[in-house]
Amino acid sequence: MNAPATSITGIDAVRAEIARACRDAGRDPSGVTLIAVSKTFGAEAIEPLIAAGQRAFGENRVQEAKAKWPPLQARHPGLELHMIGPLQSNKAKEAVALFDAIHSVDRPSLCEALAKENARQGRKPLLFAEINTGGEAQKAGVLPQDADAFIVRCRDGYGLSIAGLMCIPPADEAPAPHFALTAKIAARNGLKLLSMGMSADFPVAIPFGATHVRVGSAIFGSRHT
Ligand SMILES: *Cc1c(COP(=O)(O)O)cnc(C)c1O
């Protein structure tokens, strides 16, 4: 993973940096949801953040989230859980049951599985289509040139409403052009939400319109697994 370009650490510092970036961009900070990415960290690390008022959390594995979150959710009503990692179609059932938002919708087979579970469970997590803005072969996501058709296919083929887009810029490139491209694709498709920006680059994503920033290590410290 990237080393943070800045020395922003701790949730208070991250919140302050979001507020500063919003002020610089002329945006209202209430338009940016901070998702605390808690993957690999246990309840003992998460509880103090909930006590500090944090409500939105992100995980990248269904199995890990399923083991960790139901007890926390039972103790703390009103939490918002975001799936930010790649999702296998055979995990759609568990994902729809557990998560309030899924940021990694990127192929028709997954859309089909999600649509089926939405209907069966009467639950509709907020959906983001993941865009592979760098066209990286090893990375998930829809290629930018296929994004418009994919969004239409989600809607017309599966009855799924895509609320926004998510991107993870290539680790070795400046993130700004990737945020700009993602914002442009969202705008021309009438999508309002943008999930972009991680520990190393969330202040850069805010002027491009990020509505959800996914911040892990700057809040929790570095991951050892
Ligand atoms: C782990 C992860 C993050 C958070 O990364 P940090 O660099 O620790 O902030 C954000 N988005 C996705 C998709 C991730 O997997």
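The values are calculated or read from the model by the stated rules, or taken from the named source; none is laboratory data. Note that the structure is a prediction, hence the values are computed from the model and not measured. Neighbour counts are summed over all protein chains in view; Cβ atoms, including those assigned to glycine, are modelled from backbone coordinates with ideal geometry.
Brief remarks on what is shown
- Going through (1) exposed (fewer than 14 other Cβ atoms within 10 Å of the Cβ); (2) within 11 Å of the ligand (Cβ to nearest atom) one by one, residue 24 falls short only on (2).
- Checklist (1) closer than 22 Å to residue 169 by Cβ; (2) more than 14 Å from the ligand (Cβ to nearest atom) applied to residue 46, failing item: (1)
- Boolean, residue 138 is surrounded by fewer than 18 Cβ atoms within 10 Å (Cβ to Cβ), free of Cβ contacts under 8 Å to residues at least 40 places away in the same chain and within 16 Å of the ligand (Cβ to nearest atom): yes
- Conditions (1) of a type in the set (A, V, I, L, M, F, W, C); (2) farther than 17 Å from residue 31 by Cα; (3) within 13 Å of the ligand (Cβ to nearest atom); number of the one not met by residue 202: (2)
- Counting the residues of region 80-112 that are in contact with a Leu (Cβ under 7 Å, 6 or more places away or on another chain) and either of a type outside the set (Ser, Thr, Tyr) or modelled with pLDDT under 95 (or both) gives 13.
- The listed residue being part of a loop (DSSP other than H, G, I, E, B) and either out of contact with any Ser or Thr (no Cβ under 8 Å at 6 or more places or on another chain) or not basic (Lys, Arg) (or both), out of 198, 166: 198
- Residue in region 56-78 that is within 13 Å of the ligand (Cβ to nearest atom), buried (at least 18 other Cβ atoms within 10 Å of the Cβ) and of a type in the set (Val, Ile, Thr) present: no
- Of all residues in region 205-225, exactly one satisfies the criterion of being of a type in the set (Val, Ile, Thr), part of a helix (DSSP H, G or I) and within 13 Å of the ligand (Cβ to nearest atom), namely 219.
- Within region 105-150, being outside any loop (DSSP other than H, G, I, E, B), closer than 23 Å to residue 60 by Cβ and aliphatic (A, V, I, L, M) holds for 105, 110, 113, 114, 115, 126, 127, 129, 131, 142, 147.
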